[in-house]
Every structure is written in structure tokens, then in C-alpha cells.
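J.: Sharing a structure with you now.
The values are calculated or read from the model by the stated rules, or taken from the named source; none is laboratory data. Here the structure is a predicted model, which is why all the values come from computation and not from measurement. Here the Cβ positions follow ideal geometry from the backbone for every residue, glycine too, while neighbour counts run over all protein chains shown. Only protein heavy atoms, including side chains, enter the accessible area calculation; ligands, DNA and RNA are left aside. Shrake-Rupley method; radii C 1.70, N 1.55, O 1.52, S 1.80 Å.
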Amino acid sequence: MAGGLLCVHAHPDDESISTGGVLLRAVGEGRPAAVVTCTGGELGEIVGEGMDPEKLRPRLGEVRQAELTAALEILGAGTPRLLGYRDSGMAGTSGNDDERSFWRADFDQAVGRLVTQVRAFRPDVLVTYDAFGQYGHPDHVQTHRVGLVAAEAAGVPMLYPEAGEAWQVPKVYLSTLPRSFAALVSEELQRRGLPTPFEDDPDLPPVGSPDELITTTVDVRPFVERKLTALKAHASQLGPASFFLNMPPELHDLAFGTEWFIRQRSDVPAPQEDDLFAGL
Ligand SMILES: [Zn+2]
């Protein structure tokens, strides 16, 4: 199916947080939209209200797949397309060493699996993460690597010939957020006497990308409430203290109404953009 948007994500819930708006916008314009999720999110924190982490942990992958199914339905982005790897956990944790983890995945095999998905969906636009995976999570960094290579390899017939007919993706983007964003949201929350979730820890690398690298800023304010509804489908990941659940409604547009991208490649002229499909 040509003409659509394919977003490649690391865990269930990432699709709603960073690309819920562009997915809804694409669907609203009559374009097909889909999400590939590289891991099952088995190591996510279990913070959902009334959920017993100990009981839920062994079947968290299953629970999160059901949550992803519900979120994708709300977004109009089809059914889950899982790459089949295990959540690697945060950097430096034991999950990084699990042989089933995405972090330990055979690179060539992972690219081959994603090429199969790309060639089957034949998107006009493919979205993966920036080089730091937005905030350094190993699965996000791996999603960047595998996503970029698969986007290129999908168009080369001699690569992965068993993965379907070659498809050259015309536009490839990296999902990110500008460094200035955290400061902006923190300022607004503090002005209201509310705690900010953005830690100002000089020992941690900054989240997102330098503002000047961002090529494409998409206004998704018309879709903010539906985007949040999709996010809320990931109930196991949203505790009562969640940043997303506690954001005052008047800050929803500011906090969730914009999605940012770095254009990695475009086969069509697209100098100044406010739309992933500009020029197509
Ligand atoms: Zn994630």
C-alpha cells in the first residue's frame, strides 16, 4: 500500500508519545499509517493504578501488546507489527545482556526483519529516532540504527531478496525534540507551582537534539486529545504521578501539540517544512 506513514518505534507507548499526532494527521488525510514496534516492552516500569508489579511482570509483554493494540486502534494505525525482540531495559541494567534483547540482536537479522515490514507497507514516509534515541535508551538507539539502515536497504533489490519486492522510501525522518522544549515546559509548570519531570542533572546527557538541527515542526494541536487518549491505553505505564496525566489541560497544546523531526533524506524538494508529506 503506497502513500503512507510508517513509524518505527522501540516500545509500546512510544508511538503515541512522539508520533501520535502525525499518525492521526496522516490518517485524517486519508493516508495509510502503521507502526513497527521493535520490542515487547517487557522491562517497562509497572505503575498502572491498582496493578501488582510482581504479579504482572511475567506477562507484561502480553499486557503491553494488548495496550498497543488498543492505542493503534485509537490512532487508526492498524494492528501491531512487532519485530520480535525483547526490551533491553535502561542503559547499564542487566536487561542489556539478555541474548533475546534488541540491544544484543544480530544487526543483519534485525535490519532484514524491518526491511520485510517496509517492503510490505511501501511507505512514502518512514520515521525512526535521532542518533541518541531521543534520551539514550539502548532500544531507542538501536531503533535509530536499524531503522536508518533498513530504510535504505529496502530500496536495493539485491539486499534481502527474500524480504519482498524492493521499495525506495522517498522521505526518511528522525523523530526528536528540541533541547529548548524541556526548559519551556518546566518554566510553565513551575510558574504554576507544579513539579517538572525534566531533571536538570548536569551528569546526564541532554534529551533531544539541538534546536538548529530540526528541519520539520508539525503542528498536531487538532489531535492532542486523541493522542492523549491513545497514550492512556498504555495503562500499565501511567501511574497516578505520570507527567502525561498530570499536565494541566491548558498546557496540553504546549506540551503535546507539536512533533519535531530531522529530515534524514528526501527524494523531493522540501526546504522549509511543516508537514512530513511536503513535496510529495
Ligand atoms: Zn521507549
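J.: For the range 261-280, name all the residues that are closer than 19 Å to PHE181 by Cβ, open to solvent by 40 Å² or more (accessible area, probe 1.4 Å) and within 18 Å of the chain's Cα centre (by Cα).
T.: The one that is closer than 19 Å to PHE181 by Cβ, open to solvent by 40 Å² or more (accessible area, probe 1.4 Å) and within 18 Å of the chain's Cα centre (by Cα): ARG263.
J.: For the range 225-257, how many residues meet the condition of being surrounded by 14 or more Cβ atoms within 10 Å (Cβ to Cβ) and not in a helix (DSSP H, G or I)?
T.: 7
Listed here are the residues, each with its yes/no results for (1) surrounded by fewer than 20 Cβ atoms within 10 Å (Cβ to Cβ); (2) out of contact with any Ser or Thr (no Cβ under 9 Å at 6 or more places or on another chain); (3) on the phi < 0 side of the Ramachandran plot; (4) of a type in the set (Ser, Thr, Tyr).
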{"position": "ASP124", "(1), (2), (3), (4)": "no, yes, yes, no"}
{"position": "TYR135", "(1), (2), (3), (4)": "yes, yes, yes, yes"}
{"position": "ASP139", "(1), (2), (3), (4)": "no, no, yes, no"}
{"position": "TYR160", "(1), (2), (3), (4)": "no, no, no, yes"}
{"position": "ARG191", "(1), (2), (3), (4)": "yes, yes, yes, no"}
{"position": "PRO195", "(1), (2), (3), (4)": "yes, yes, yes, no"}
{"position": "ASP201", "(1), (2), (3), (4)": "yes, yes, yes, no"}
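J.: Tell me, yes or no, whether the range 55-66 has at least one residue that is within 13 Å of the ligand (Cβ to nearest atom), open to solvent by less than 50 Å² (accessible area, probe 1.4 Å) and modelled with pLDDT of 95 or more.
T.: To start, the set of residues in the range 55-66 that are within 13 Å of the ligand (Cβ to nearest atom) comprises 64.
Right, trim to open to solvent by less than 50 Å² (accessible area, probe 1.4 Å) and you get 64.
Next, from what is left, pick out any that are modelled with pLDDT of 95 or more: 64.
So far as the range 55-66 goes, yes, one or more of its residues are within 13 Å of the ligand (Cβ to nearest atom), open to solvent by less than 50 Å² (accessible area, probe 1.4 Å) and modelled with pLDDT of 95 or more.
J.: Taking PRO222, is it within 16 Å of the ligand (Cβ to nearest atom), closer than 22 Å to SER16 by Cβ, open to solvent by 30 Å² or more (accessible area, probe 1.4 Å) and under 20 Å from the mean Cα position of the chain (by Cα)? Before the answer, list the steps.
T.: Values: within 16 Å of the ligand (Cβ to nearest atom): no; closer than 22 Å to SER16 by Cβ: yes; open to solvent by 30 Å² or more (accessible area, probe 1.4 Å): yes; under 20 Å from the mean Cα position of the chain (by Cα): yes.
So PRO222 fails the test.
J.: Which of the residues spanning the range 126-171 are in a helix (DSSP H, G or I), more than 16 Å from the ligand (Cβ to nearest atom), under 22 Å from the mean Cα position of the chain (by Cα) and among the small types (Gly, Ala, Ser)? Don't jump to the end; show me each part of the working.
T.: Narrowing the range 126-171 to residues in a helix (DSSP H, G or I): 138-153, 161-163.
Filter again for more than 16 Å from the ligand (Cβ to nearest atom), leaving 148-153, 161-163.
Filter again for under 22 Å from the mean Cα position of the chain (by Cα), leaving 148-153.
Result: ALA150, ALA151, ALA153.
J.: Ok, one more. Please enumerate the residues belonging to the range 1-17 that are crowded, with 24+ Cβ neighbours inside 10 Å and not β-branched (Val, Ile, Thr). Spell out the reasoning first.
T.: Narrowing the range 1-17 to residues crowded, with 24+ Cβ neighbours inside 10 Å: 5-16.
Once the filter is applied, which keeps residues that are crowded, with 24+ Cβ neighbours inside 10 Å and not β-branched (Val, Ile, Thr), the range 1-17 yields LEU5, LEU6, CYS7, HIS9, ALA10, HIS11, PRO12, ASP13, ASP14, GLU15, SER16.
J.: If you go through the range 172-184 one residue at a time, do you hit one that is free of Cβ contacts under 8 Å to residues at least 12 places away in the same chain and either open to solvent by 20 Å² or more (accessible area, probe 1.4 Å) or away from the ligand (no atom under 16 Å from the Cβ) (or both)? So that I can check it myself, show each step before the final result.
T.: Just the residues of the range 172-184 that are free of Cβ contacts under 8 Å to residues at least 12 places away in the same chain, to begin with: none.
The answer is no, given that none of the residues of the range 172-184 is free of Cβ contacts under 8 Å to residues at least 12 places away in the same chain and either open to solvent by 20 Å² or more (accessible area, probe 1.4 Å) or away from the ligand (no atom under 16 Å from the Cβ) (or both).
J.: Identify, by number, the condition in (1) in contact with a Phe, Trp or Tyr (Cβ under 8 Å, 6 or more places away or on another chain); (2) surrounded by fewer than 24 Cβ atoms within 10 Å (Cβ to Cβ); (3) over 23 Å from LEU23 (Cα atoms) that ARG104 doesn't meet.
T.: Only one criterion is unmet by ARG104, namely (1).
J.: Return the residues of the range 22-41 that are away from the ligand (no atom under 12 Å from the Cβ) and crowded, with 24+ Cβ neighbours inside 10 Å; say none if nothing qualifies.
T.: Those that are away from the ligand (no atom under 12 Å from the Cβ) and crowded, with 24+ Cβ neighbours inside 10 Å: VAL22, LEU23, ALA26, ALA33, ALA34, VAL35, VAL36.
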